Number of protein chains: 2
Amino acid sequence: MTGTALLTDRYELTMLQAALASGAAHRRTVFEVFARSLPQGRRYGVVAGVDRVLDAIEDFRFDEDTLEFLRSARVVDERTLEYLASYRFSGDVYGYREGEVFFPGSPILVVEGTFAEAVLLETVVLSILNHDCAVAAAASRMVHAAGGRPLIEMGSRRTHEHAAVAAARAAYLCGFASTSNLMAERRYGIPSAGTAAHAFTLVHDSEKEAFRGQLESLGYGTTLLVDTYDVANAVRTAVELAGPRLGAVRIDSGDLAVVAQEVRRQLDELGATKTKIIVTGDLDEFSIAALAAAPVDGYGVGTSLVTGSGHPTAHLVYKLVAREDPRGELIPVAKRSVGKPSRGGRKWAYRRISGGTATAEIVANRPMEDEGRPLLAKLIERGEVIGREPLAAARERHRAAMAELPLVAHSLSPGDPAIPTIFY
Amino acid sequence: MTGTALLTDRYELTMLQAALASGAAHRRTVFEVFARSLPQGRRYGVVAGVDRVLDAIEDFRFDEDTLEFLRSARVVDERTLEYLASYRFSGDVYGYREGEVFFPGSPILVVEGTFAEAVLLETVVLSILNHDCAVAAAASRMVHAAGGRPLIEMGSRRTHEHAAVAAARAAYLCGFASTSNLMAERRYGIPSAGTAAHAFTLVHDSEKEAFRGQLESLGYGTTLLVDTYDVANAVRTAVELAGPRLGAVRIDSGDLAVVAQEVRRQLDELGATKTKIIVTGDLDEFSIAALAAAPVDGYGVGTSLVTGSGHPTAHLVYKLVAREDPRGELIPVAKRSVGKPSRGGRKWAYRRISGGTATAEIVANRPMEDEGRPLLAKLIERGEVIGREPLAAARERHRAAMAELPLVAHSLSPGDPAIPTIFY
């Protein structure tokens with residue numbers, strides 16, 4: 001698992017071989033990551049995974065074993081293996097900071113280096129950003145839909161075991177309160193949450209024995225799962241055992257709005273007025289929004305979060321936009337493939353703000369500092385990572401970036417991006 | 001990245017703590033993995049990831065660093081940490097073999113052990129199976145739609161960087177010919193493929209220079225990407241440089257059926273009658289099927305494959321179905337939550353075959369050997385993995401399992417599962 005160099009498409013290496021032979025390998029280039037469009041109906045995208053990209057670029061090395069594999073599998077020739085043996089990205093990378101929002105055409109990552117060193121990074125950079133941005137976009141919508149109530153990320157079991165850890169990170173940076181995933185707590189310091197599943201109740205001889213066991217071991221502040229058999233019976237048993245000190249009950253099935261109402265009334269009647277109600281079970285931003293009026297104190301979200309709520313990948317691409325010509329000048333380039341237009345030339349990006357509200361995304365082929373808040377920060381300088389930051393900073397940035405967007409950004413109904421992208 | 005123990009939801013560990021306290025931890029249990037239903041309209045599911053599950057169970061250990069993290073994060077108490085320090089799954093696991101197909105209720109994995117040792121495995125087992133089975137189901141439909149033409153898996157950039165490797169594996173076991181992912185070749189021996197992207201053409205001063213560089217370095221058998229500027233010009237240039245020895249051209253945009261027709265005619269007129277045509281660009285099983293009559297020699301598939309073609313997770317659950325009672329007897333258990341019915345009791349499964357064609361999935365609470373082909377094999381015996389097999393065997397099994405299904409299984413239109421599940 002160590003090293004990221006083979007988390008790469010074969011053609012990045014065969015292009016390198018051919019470019020070393022043709023001489024183009026050492027031309028200076030600019031590659032950019034952007035989305036031609038947002039997923040259908042979405043109002044904004046969210047930048048996530050940037051710190052993971054920085055780690056991946058730093059770890060992009062070809063050790064002896066890797067080189068031997070490439071040799072024996074005949075992926076590339078000896079000259080290319082020699083180049084790879086000393087490979088180390090030595091260029092510059094600029095990017096939107098994590099938590100920032102983006103729109104169609106936003107150049108969220110700008111990679112400057114020789115063709116050889118920049119082309120190799122395409123696959124792993126896109127893997128990370130396409131995954132993390134997809135989850136973050138869903139998470140951000142859910143956080144808004146929850147209107148201040150805490151959200152627990154609990155989708156680990158619905159996605160690849162390592163994707164789960166990255167998903168927890170993306171959710172947290174968009175405002176989720178906690179995650180079920182222990183590796184996410186260990187690696188990123190995200191608070192973890194969770195108490196018990198139906199299996200815990202079922203393995204005991206009665207629900208009462210299970211609840212008693214849980215309360216004695218985990219304390220009265222724990223969350224008891226009350227829908228294994230009959231919700232009303234379970235709530236009665238729970239309060240009988242724990243009294244008003246009971247932390248919370250969790251409901252995982254049924255019509256959550258109706259059941260939450262009934263449980264709230266029952267808890268209040270039993271004197272457990274401070275006991276909270278957590279709901280889980282196939283929630284997404286729409287069902288969370290629909291529960292706004294229900295007496296719910298927190299949501300657990302799984303499947304729809306880790307699968308990007310209908311859009312499991314962010315459709316980001318990594319495109320060559322400029323390269324050195326024979327005279328040593330950097331010139332814009334763009335393919336002309338049908339339906340896949342690209343804009344050539346290195347980009348600068350700004351968010352135009354008027355009266356505290358964002359009004360446009362400015363994407364220009366030159367610096368235009370007067371146009372608004374600059375969106376590109378230097379992340380890697382001559383191969384050295386300089387742009388790392390704590391996850392808390394990204395989390396705060398997302399909050400601020402969202403607060404700056406016009407209200408329509410928060411609409412869950414399909415529509416155009418919240419602000420237009422203006423190209424100069 | 002080493003060890004799988006923290007790729008786990010917190011509640012598995014807090015349940016363990018409470019069960020150690022209540023005494024239920026050491027009860028014998030049976031957990032089963034199954035899907036209550038297939039994704040909407042799908043005719044069958046595909047079992048993938050079993051060997052990865054066996055690896056994950058073997059690597060499920062709590063080393064000193066992990067225990068120290070759990071202690072400092074106050075996830076569980078000292079008694080539980082002591083249990084975890086010597087944790088090693090010592091039970092039995094039975095499962096459907098990789099490549100086998102499954103239906104609603106099929107018990108694709110049966111885990112027998114104490115509650116303590118079996119409950120801990122839930123999250124990582126589900127992560128692996130939900131991801132790999134989702135990709136495999138999409139891959140299997142694409143392979144059928146391609147009708148014998150080779151498929152290249154090239155979705156790495158559209159999914160988490162490690163999920164990409166597992167996705168390539170799942171695709172290959174369902175009949176994909178190759179993958180773009182180099183780690184998948186290294187780890188699993190899957191043939192890798194790929195030659196060049198648009199960036200390679202754009203970094204050169206002309207398409208002709210790019211093609212010449214690629215041909216000289218990668219040989220005449222290479223695949224030239226012909227849609228960077230004008231397809232007809234590119235094809236002319238390609239054949240001018242390579243002659244009839246040119247291996248293939250790749251088309252990545254436009255109306256693929258129309259463009260493929262034009263390119264085929266042009267290649268034939270230029271004498272390159274053996275040069276193949278590969279198409280790529282947002283293909284799924286439906287667009288692949290729609291290209292059946294087009295002169296296409298191979299497909300490259302990315303996004304739709306790694307995202308399960310609309311169903312990025314397989315909806316598999318891991319449920320307690322039986323546990324020891326106070327007298328030491330194993331008794332069936334099942335929750336009664338609204339809309340989430342479970343069938344209690346340990347299951348056996350068989351595929352009923354009539355005249356070489358599968359007619360029903362038999363799921364029974366007792367062995368019923370006369371009912372058909374047994375579907376559960378012993379994979380782990382008293383903690384020892386005994387069920388590993390080469391990927392080639394799983395690939396052949398999938399081919400055979402598909403050949404056995406009634407023709408309706410191959411329908412891409414939505415409908416009921418290809419065979420009914422009968423519960424005894």
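Checking every residue in region A:102-114 against the condition of being aliphatic (A, V, I, L, M), over 21 Å from A:Asn365 (Cβ atoms) and touching a residue at least 12 places away in the same chain (Cβ under 8 Å) gives zero matches. From A:Gly387, A:Gly344, A:Gly356, which residue is touching a residue at least 12 places away in the same chain (Cβ under 8 Å) and either hydroxyl-bearing (Ser, Thr, Tyr) or under 16 Å from A:Pro104 (Cα atoms) (or both)? Of the residues listed, the single one that is touching a residue at least 12 places away in the same chain (Cβ under 8 Å) and either hydroxyl-bearing (Ser, Thr, Tyr) or under 16 Å from A:Pro104 (Cα atoms) (or both) is A:Gly344. Against the test of being assigned by TED's automatic domain parsing to the domain that holds A:Phe211 and over 29 Å from the mean Cα position of the chain (by Cα), the options A:Gly271, A:Gly281 yield a single qualifying residue, A:Gly271.
Only a single criterion out of (1) more than 14 Å from chain A (Cβ to nearest Cβ); (2) surrounded by fewer than 16 Cβ atoms within 10 Å (Cβ to Cβ) is not satisfied by B:Arg336, namely (1).
Restricting to region A:306-333, and then to whatever is of a type in the set (A, V, I, L, M, F, W, C) and without any contact (Cβ under 8 Å) to a residue 60 or more places away in the chain, can you tell me which residue is nearest to the other protein chains (Cβ to nearest Cβ)? Of everything passing the filter in region A:306-333, A:Val333 is nearest to the other protein chains (Cβ to nearest Cβ).
Residues in region A:262-278 that are surrounded by 21 or more Cβ atoms within 10 Å (Cβ to Cβ) and of a type in the set (Ser, Thr, Tyr): A:Thr275 alone.
Residue-level check: of (1) under 20 Å from B:Tyr44 (Cβ atoms); (2) surrounded by 17 or more Cβ atoms within 10 Å (Cβ to Cβ), B:Pro374 misses just (2).
Of the strands (runs of 3 or more DSSP E) contained entirely in region A:342-392, those carrying at least 1 residues that are farther than 17 Å from A:Glu112 by Cβ fall at A:348-354, A:357-364. Can you confirm whether region B:300-315 contains a residue that is over 24 Å from A:Val135 (Cα atoms) and either part of a strand (DSSP E or B) or β-branched (Val, Ile, Thr) (or both)? Yes: region B:300-315 contains one or more residues that are over 24 Å from A:Val135 (Cα atoms) and either part of a strand (DSSP E or B) or β-branched (Val, Ile, Thr) (or both). Filtering region B:165-184 to residues that are within 10 Å of chain A (Cβ to nearest Cβ) and surrounded by fewer than 24 Cβ atoms within 10 Å (Cβ to Cβ) leaves only B:Ser178. Please determine, by comparing only the residues of region A:57-75 that are touching an Asp or Glu at 6+ places or on another chain (Cβ under 9 Å) and within 9 Å of another protein chain (Cβ to nearest Cβ), which one is nearest to A:Val111 (Cα to Cα). My answer is A:Val75. Going through (1) of a type in the set (Gly, Ala, Ser); (2) within 14 Å of the chain's Cα centre (by Cα); (3) under 23 Å from A:Ser337 (Cα atoms) one by one, B:Ser180 falls short only on (2).
In this structure, does B:Arg74 turn out to be under 32 Å from the mean Cα position of the chain (by Cα), of a type in the set (Lys, Arg) and either crowded, with 24+ Cβ neighbours inside 10 Å or in a loop (DSSP other than H, G, I, E, B) (or both)? The answer is no for B:Arg74.
Considering only region B:7-30, state which residues are within 29 Å of A:Tyr188 (Cβ to Cβ), within 33 Å of the chain's Cα centre (by Cα) and in contact (Cβ under 8 Å) with a residue 24 or more places away in the chain.
Of everything in region B:7-30, those that are within 29 Å of A:Tyr188 (Cβ to Cβ), within 33 Å of the chain's Cα centre (by Cα) and in contact (Cβ under 8 Å) with a residue 24 or more places away in the chain turn out to be B:Leu7, B:Thr8, B:Asp9, B:Arg10, B:Glu12, B:Leu13, B:Thr14, B:Met15, B:Leu16.
Taken over region A:28-69, the criterion of being in contact with a His (Cβ under 9 Å, 6 or more places away or on another chain) and of a type in the set (A, V, I, L, M, F, W, C) is satisfied by A:Ala35, A:Leu38, A:Val46, A:Val47, A:Ala48.
Rundown of residues vs (1) closer than 23 Å to B:His198 by Cα; (2) of a type outside the set (A, V, I, L, M); (3) modelled with pLDDT of 95 or more; (4) part of a helix (DSSP H, G or I), yes/no style:
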{"residue": "A:Thr14", "(1), (2), (3), (4)": "yes, yes, yes, yes"}
{"residue": "A:Gln17", "(1), (2), (3), (4)": "yes, yes, yes, yes"}
{"residue": "A:Phe31", "(1), (2), (3), (4)": "yes, yes, yes, no"}
{"residue": "A:Arg61", "(1), (2), (3), (4)": "no, yes, yes, no"}
{"residue": "A:Tyr83", "(1), (2), (3), (4)": "yes, yes, yes, yes"}
{"residue": "A:Val93", "(1), (2), (3), (4)": "yes, no, yes, no"}
{"residue": "A:Val111", "(1), (2), (3), (4)": "yes, no, yes, no"}
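Of all residues in region A:20-37, count the ones that are touching a strand residue (DSSP E or B) at 6+ places or on another chain (Cβ under 9 Å) and either facing chain B (nearest Cβ under 7 Å) or hydroxyl-bearing (Ser, Thr, Tyr) (or both).
3
Of all residues being under 30 Å from the mean Cα position of the chain (by Cα) and more than 9 Å from chain A (Cβ to nearest Cβ) in region B:226-255, which is farthest from B:Ala199 (Cα to Cα)? Just the residue, please. Checking each candidate, the answer is B:Ala248. Among the residues of region A:56-83, the ones that are in contact (Cβ under 8 Å) with a residue 40 or more places away in the chain and of a type outside the set (Lys, Arg) come to 15 in all. The residues in region A:122-161 that are over 13 Å from the mean Cα position of the chain (by Cα) and at the interface with another protein chain (Cβ under 8 Å from one of its Cβ atoms) can be counted, and the count is 10. Note on region B:200-219: among residues that are more than 22 Å from A:Arg28 (Cα to Cα) and over 34 Å from the mean Cα position of the chain (by Cα), the one that is surrounded by the most Cβ atoms within 10 Å (Cβ to Cβ) is B:Leu215. Comparison of B:Gly23, B:Gly3, B:Gly91, B:Gly45 shows that the only residue that is touching an Asp or Glu at 6+ places or on another chain (Cβ under 9 Å) and assigned by TED's automatic domain parsing to the domain that holds B:Arg397 is B:Gly91.
Would you confirm, using the coordinates I've provided, whether A:Glu369 is loosely packed, with under 14 Cβ neighbours inside 10 Å and either among the basic types (Lys, Arg) or farther than 19 Å from A:Gly105 by Cα (or both)? The answer is no for A:Glu369.
Looking only at region B:316-334, filter to residues that are in a strand (DSSP E or B) and of a type in the set (Lys, Arg); which one of those is nearest to A:Gly281 (Cα to Cα)? It comes out as B:Lys319. Report whether or not A:Ala289 is more than 30 Å from B:Phe200 (Cβ to Cβ) and either surrounded by 19 or more Cβ atoms within 10 Å (Cβ to Cβ) or more than 12 Å from chain B (Cβ to nearest Cβ) (or both). Considered against the rule, which asks whether it is more than 30 Å from B:Phe200 (Cβ to Cβ) and either surrounded by 19 or more Cβ atoms within 10 Å (Cβ to Cβ) or more than 12 Å from chain B (Cβ to nearest Cβ) (or both), A:Ala289 comes out as yes. Does region A:22-38 contain any residue that is closer than 18 Å to B:Thr159 by Cβ and out of contact with any helix residue (DSSP H, G or I) (no Cβ under 9 Å at 6 or more places or on another chain)? No; the residues of region A:22-38 include none that is closer than 18 Å to B:Thr159 by Cβ and out of contact with any helix residue (DSSP H, G or I) (no Cβ under 9 Å at 6 or more places or on another chain). Annotation note: of B:Ala56, B:Ala21, the sole residue that is of a type outside the set (Asp, Glu), more than 27 Å from B:Arg395 (Cβ to Cβ) and surrounded by fewer than 23 Cβ atoms within 10 Å (Cβ to Cβ) is B:Ala21. Counting only helices (runs of 4 or more DSSP H) that sit completely within region B:218-290, zero hold 3 or more residues that are modelled with pLDDT under 95 and either under 27 Å from B:Ser411 (Cα atoms) or not small (Gly, Ala, Ser) (or both).
The values are calculated or read from the model by the stated rules, or taken from the named source; none is laboratory data. This structure is a prediction, so every number in the text was calculated from the model and none was measured. Cβ atoms come from the backbone with ideal geometry, glycine included; neighbour counts cover every protein chain shown.
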